[in-house]
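What follows is a set of notes on a single structure, which appears directly below.
The values are calculated or read from the model by the stated rules, or taken from the named source; none is laboratory data. This is a predicted model, so every value here is computed, not measured. Glycine also receives a Cβ, built like all others from the backbone with ideal geometry; neighbour counts cover every protein chain displayed.
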4 protein chains.
Amino acid sequence: MNLAITKEEVEQILAENTFTHYYGFQVKELGEGMCTLKVPFHEKLIRPGGYVNGPTLMSAADVAMWFAIMTKLGRTDMAVTTELNTAFLNGARREDVYCRAEILKMGRRLVFGTALCTNAKGRKLTHHSITYIRPET
Amino acid sequence: MNLAITKEEVEQILAENTFTHYYGFQVKELGEGMCTLKVPFHEKLIRPGGYVNGPTLMSAADVAMWFAIMTKLGRTDMAVTTELNTAFLNGARREDVYCRAEILKMGRRLVFGTALCTNAKGRKLTHHSITYIRPET
Amino acid sequence: MNLAITKEEVEQILAENTFTHYYGFQVKELGEGMCTLKVPFHEKLIRPGGYVNGPTLMSAADVAMWFAIMTKLGRTDMAVTTELNTAFLNGARREDVYCRAEILKMGRRLVFGTALCTNAKGRKLTHHSITYIRPET
Amino acid sequence: MNLAITKEEVEQILAENTFTHYYGFQVKELGEGMCTLKVPFHEKLIRPGGYVNGPTLMSAADVAMWFAIMTKLGRTDMAVTTELNTAFLNGARREDVYCRAEILKMGRRLVFGTALCTNAKGRKLTHHSITYIRPET
């Protein structure tokens, strides 16, 4: 398996990026066209009702897909999100979340994939459909 | 116009809530089944490339719809988001964003609406379709 | 208003196309970046429970958006649907349906718009978010 | 595996229903919380450009999910679709299509699942996210 980006490079992107840094995302797995992030529990992510807030999980899905695309195209290809659809299935209580994104279609112009957030026990929290558009060549 | 919640009450919810507080959302308009929030520009909301990050706008849409529902049902009704679909139309540069949400259907169990984020000149940034489920009675 | 396609040309497309012909779609209005279709009630469109079936309304939304795009780009530009999100708000009983589609963003590569199906009294039936991709130039 | 509905009962529903009858759907597999339908190629399903039309595939996804729910709840439970999101990945040429739906969350009120349409070689054609609402008890 020769990925177009290494786990170390992805971790560096996470560290450099103020926004992902805020969420504390960690790379758990990187494979061809897939990526799993860990979202470690943190009190600041809690919204009223005691659940991890939704934007955190949507952001995890978006970033995990971004890295999944990088495993195919490398860091230089600046694809951007055009569509992100989220279904909220179960609330994440005070617990770590895992978000696994995978590419279903790598087109010349559009990339489509799905992501699923679960807790450590595999309880499904959110499901996402994500479309990225690749830069013009 | 007799709304089930006042602008002052909504502003208090924004102030009390750590999560919305982070984004600095402000209530611009509150009407029957609608709400417009302002997202004042802040450097911390910028993602790589110089744009306001997507989760901020998705969060604005979600919160604006939440308040739109409160204008009908008041504060006590704890509806929660079940689906949030976002299309990214144009990037928000270093500028304030306005997010207007409105209810299209207030059902006994589900509430459906849309939200549109624009900049001060009306340039469309993101479009959202949002479904909330009401608590069982 | 100088549209890139006329109502007569659009009606000819509807008549020539076996698929839209099946549904009996009629053009009610054509404007810059918008189109309203009428879906005349027909017994064959009814699904169990006595409602007009969902695919008919999704098809109306898709075709109305296709024509809305043609008002900008003319008939030759063969844009295709990449995403179609539908929320079912109320069932259409044995009645005509009107579907109004409008473009929110006409990009160089992607076109995004929404469509709303209603009955003659304005009762909201379905809401759609639609993305088309334009052919490469 | 004790499903709440048998393959024979599902085939009877397909035969009785004018709408699904039109498409010629066939049940290929029925399991706990899942269903695979076959959409046999037929000339009448072709839209301009020589592809199977989108509403046919959206309808297959919707019906496959309906049957997946019946494997859990039986025939009497009249759940209805509230949301159906579709991504078009590749066009179906003059070929049979297979649509596999599976439930990701069976809630007391909402059921959420995904469906994937492929051709006989496994080429991905469409991806769907589907929400049903269960009748009030």
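Do we find that D:Gly91 is closer than 25 Å to A:Ile103 by Cα and either within 10 Å of chain C (Cβ to nearest Cβ) or free of Cβ contacts under 8 Å to residues at least 12 places away in the same chain (or both) in this structure? When the stated conditions are applied, D:Gly91 passes them.
Residues in the stretch A:35-58 that are at the interface with chain B (Cβ under 9 Å from one of its Cβ atoms) and either among the hydrophobic types (A, V, I, L, M, F, W, C) or assigned to a loop (DSSP other than H, G, I, E, B) (or both): A:Leu45, A:Ile46, A:Pro48, A:Gly49, A:Asn53, A:Met58. A:Met78 passes every criterion in (1) modelled with pLDDT under 95; (2) within 20 Å of A:His128 (Cβ to Cβ); (3) facing chain B (nearest Cβ under 9 Å) apart from (2). Every condition in (1) under 27 Å from A:His128 (Cβ atoms); (2) modelled with pLDDT of 95 or more holds for B:Lys38 except the one numbered (1).
Name every residue in the stretch C:105-115 that is surrounded by fewer than 22 Cβ atoms within 10 Å (Cβ to Cβ) and either closer than 19 Å to C:Thr20 by Cα or of a type in the set (S, T, N, Q) (or both), in order of residue number.
Applying the first criterion (surrounded by fewer than 22 Cβ atoms within 10 Å (Cβ to Cβ)) to the stretch C:105-115 yields C:105-109, C:114.
Passing the criteria: only C:Thr114.
Do we find that C:Leu3 is assigned to a loop (DSSP other than H, G, I, E, B), touching a helix residue (DSSP H, G or I) at 6+ places or on another chain (Cβ under 8 Å) and surrounded by 14 or more Cβ atoms within 10 Å (Cβ to Cβ) in this structure? So C:Leu3 fits the description; yes. The set of residues in the stretch B:82-98 that are surrounded by 19 or more Cβ atoms within 10 Å (Cβ to Cβ) and modelled with pLDDT of 95 or more comprises B:Thr82, B:Glu83, B:Leu84, B:Asn85, B:Thr86, B:Ala87, B:Phe88, B:Leu89, B:Val97, B:Tyr98. Remark: pairs (first residue in the stretch C:10-21, farther than 16 Å from C:Gly74 by Cβ; second residue of a type in the set (Phe, Trp, Tyr); Cβ separation under 7 Å; 6+ apart in sequence or on different chains) = C:Leu14/C:Phe25.
How many of the residues in the stretch C:15-32 are surrounded by fewer than 18 Cβ atoms within 10 Å (Cβ to Cβ) and in contact with a helix residue (DSSP H, G or I) (Cβ under 9 Å, 6 or more places away or on another chain)? Even if it seems obvious, please write down each step before you answer.
Within the stretch C:15-32, the subset surrounded by fewer than 18 Cβ atoms within 10 Å (Cβ to Cβ) is C:15-18, C:21-22, C:24, C:26, C:28-29, C:31-32.
Checking which are in contact with a helix residue (DSSP H, G or I) (Cβ under 9 Å, 6 or more places away or on another chain) leaves us with C:15, C:17-18, C:21-22, C:24, C:26, C:29, C:31-32.
Adding up the residues that qualify gives 10.
Out of curiosity, is D:Thr71 assigned to a helix (DSSP H, G or I) and either among the polar types (S, T, N, Q) or under 30 Å from B:Thr114 (Cβ atoms) (or both)? Full working, then the answer.
Working: assigned to a helix (DSSP H, G or I): yes; either among the polar types (S, T, N, Q) or under 30 Å from B:Thr114 (Cβ atoms) (or both): yes.
Judged against the criteria, D:Thr71 is a match.
In the set (1) within 13 Å of chain B (Cβ to nearest Cβ); (2) surrounded by fewer than 19 Cβ atoms within 10 Å (Cβ to Cβ), the condition left unmet by A:Glu102 is number (1). If you scan the stretch C:42-69, which residues turn out to be more than 19 Å from D:Ser59 (Cα to Cα) and either surrounded by fewer than 22 Cβ atoms within 10 Å (Cβ to Cβ) or of a type in the set (Phe, Trp, Tyr) (or both)? Result: C:Trp66, C:Phe67.
For the residues A:Gly122, A:Gly113, A:Gly107, A:Gly91, the requirement of being closer than 20 Å to A:Leu14 by Cβ and out of contact with any Cys (no Cβ under 8 Å at 6 or more places or on another chain) singles out A:Gly113.
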